[in-house]
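For reference, the structure discussed in these notes is given below.
The values are calculated or read from the model by the stated rules, or taken from the named source; none is laboratory data. Here the structure is a predicted model, which is why all the values come from computation and not from measurement. Because the Cβ atoms are built from the backbone with ideal geometry, glycine has one as well, and the counts that use them run over all protein chains shown. Keep in mind that these areas ignore ligands, DNA and RNA; they rest on the heavy atoms of the full protein, side chains included. Shrake-Rupley method; radii C 1.70, N 1.55, O 1.52, S 1.80 Å.
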Amino acid sequence: MSTDSSAVPPLKPLNYNLPILTKSGARSYSLNPDQLRVKTELRHRCYDSSQKRILTFLTQTFNHLLRMGYFPYSWKRATVIPIPKPNKQPMDSNSYRPISLLNIVGKLFERIMASRLTAFFNQKHLLPHEQFGFRKKHRTFSQLARISDYISNGYNLHKHISMVSLNIEKAYDTVWIYGLLYKIISLKLPTYLIYILRAFL
């Protein structure tokens, strides 16, 4: 199912000015200066040419996915590496923290989607001021300072202060997908974002 391509803002051409190999970064080569210069210049030209083609291809691919409202299934497949937790029984599966290694191109596309979602939420003022997680210029230190200030004010006014701390285990795995999609639709996100999020979830 496709979306109205006229309503999808396209990506701008990606930045070509990426770090490339320089002479200072090639000191490990056991070559004389002339050989090093030739190898470095050759690598420089090959890398510069290939990166432009790669970035052009990625821009075209991402724009096509945005127009189609689609997130490839293969980008959601991950290589899972279990990392043992300290002071835990090695024979217990709960003693490991799984780390998922995803497709790097898919992760780039996720960042594009995240930036557009963030821009939409900020423009519509949908995020509460008290939310500090996953937001720019909202650090844990700032939240702690806010709570400390709240407690201090309550203490100065001779009031009782109470706080509830809630830790949800496996929050992402237990999300009700259809309920989340319903909320996304009710927020009136752009249609192409809804389709991509549905394919992503």
Subject >> P(r), alpha carbons of the range 95-201 - 5 Å bins starting at zero, rounded % >> reply: 2, 8, 13, 16, 19, 16, 11, 7, 5, 3, 1, 0
Original post:
Modelled label-to-label distance, residue 76 and residue 137, 7 Å Cα→beta-carbon offset: nm?
Top reply: 3.5 nm
Original post:
How do the peptides 72-79, 153-160 rank, highest first, by the average count of neighbouring beta carbon atoms within 10 Å per residue?
Top reply: 72-79, 153-160
**OP:** Could you state how much accessible area residue 56 has, in square angstrom rounded to the nearest 10, with a 1.4 Å probe and all protein chains kept in place?
**Re:** 50 Å²
**OP:** Starting with the highest mean, order 134-143, 164-173, 58-67 by the number of other Cβ atoms within 10 Å, averaged over the residues of each peptide.
**Re:** 58-67, 134-143, 164-173
Subject >> 19 Å Cα-Cα threshold exceeded, pairs from 136/183; 85/170; 124/183; 136/188 >> reply: 136/183; 136/188
**OP:** Find the centroid of the Cα atoms in the range 47-124 and in the range 141-201, then give the distance between the two in whole Å.
**Re:** 22 Å
